[in-house]
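All remarks here apply to the structure that follows.
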Amino acid sequence: MSVIKINRDLERIGDQSMGIAHRALDLLVYDTAELPVDIAGMGEVASRMICTAVQALLEADAFLAESVMIMDDEIDQMNRVARKGLIGVIQQTPDVMLQALNGILIAEPRADRRPRLKHRRRRNLLVRGADVRHQLRLAMD
């Protein structure tokens, strides 16, 4: 069951990647603007997450799956920083508002909506028989 759900998530990642590519192409018609967002860094973390998640599944390694949760927190923090910076750009430099808005939309799939690597939690359920979603919510409160 976990593999079927992970497959759906991987298909979603592919769809989101296409959306990012199309949005990036759309940006070519605008003037170049320096934006405070590390898209390449976010992509690197997202790629590492996917590889680690798949490896954790194949090796049935719950500890490795937990490391994906740390990467998830890292990319969420990167997205918060990017969003804050891009909103600042929109407020201070309205002539690059469209580029900044596109930056927000490009960064978002790599963060909260990206791989929906909740399957890392499913993997923990598969390996340990424990659903960690509720434990994480309690730890955040």
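The values are calculated or read from the model by the stated rules, or taken from the named source; none is laboratory data. Just so it is clear, the model here is predicted, and its values are computed rather than measured. Here Cβ is always computed from backbone atoms with ideal geometry, including for glycine, and neighbour counts include all displayed protein chains. Just so you know, the surface numbers come from the protein's heavy atoms only, side chains and all, with ligands and any DNA or RNA stripped out. Shrake-Rupley method; radii C 1.70, N 1.55, O 1.52, S 1.80 Å.
Couple of notes before you dig in:
- Using only side-chain charges placed at the Cβ, +1 for Lys and Arg and -1 for Asp and Glu, the dipole size of the stretch 8-57 relative to its Cα centre rounds to 240 debye.
- Within the accessible area of the stretch 10-101 (1.4 Å probe), percent carbon and sulfur: 60
- Coil-residue GluC sites (Glu not before Pro) of the stretch 1-98, DSSP, other Cβ within 10 Å capped at 13: Glu34
- Only protein heavy atoms count here; on that basis, with a 1.4 Å probe, Leu58 has an accessible area of about 140 Å².
- With every protein chain in place and a 1.4 angstrom probe, the accessible-area ranking of Thr93, Thr32, Thr52, largest first, reads Thr32, Thr93, Thr52.
- Full-stretch length increase - Ala60, Leu25 - with 0.36 nm per residue and alpha-carbon distance subtracted: 8.7 nm
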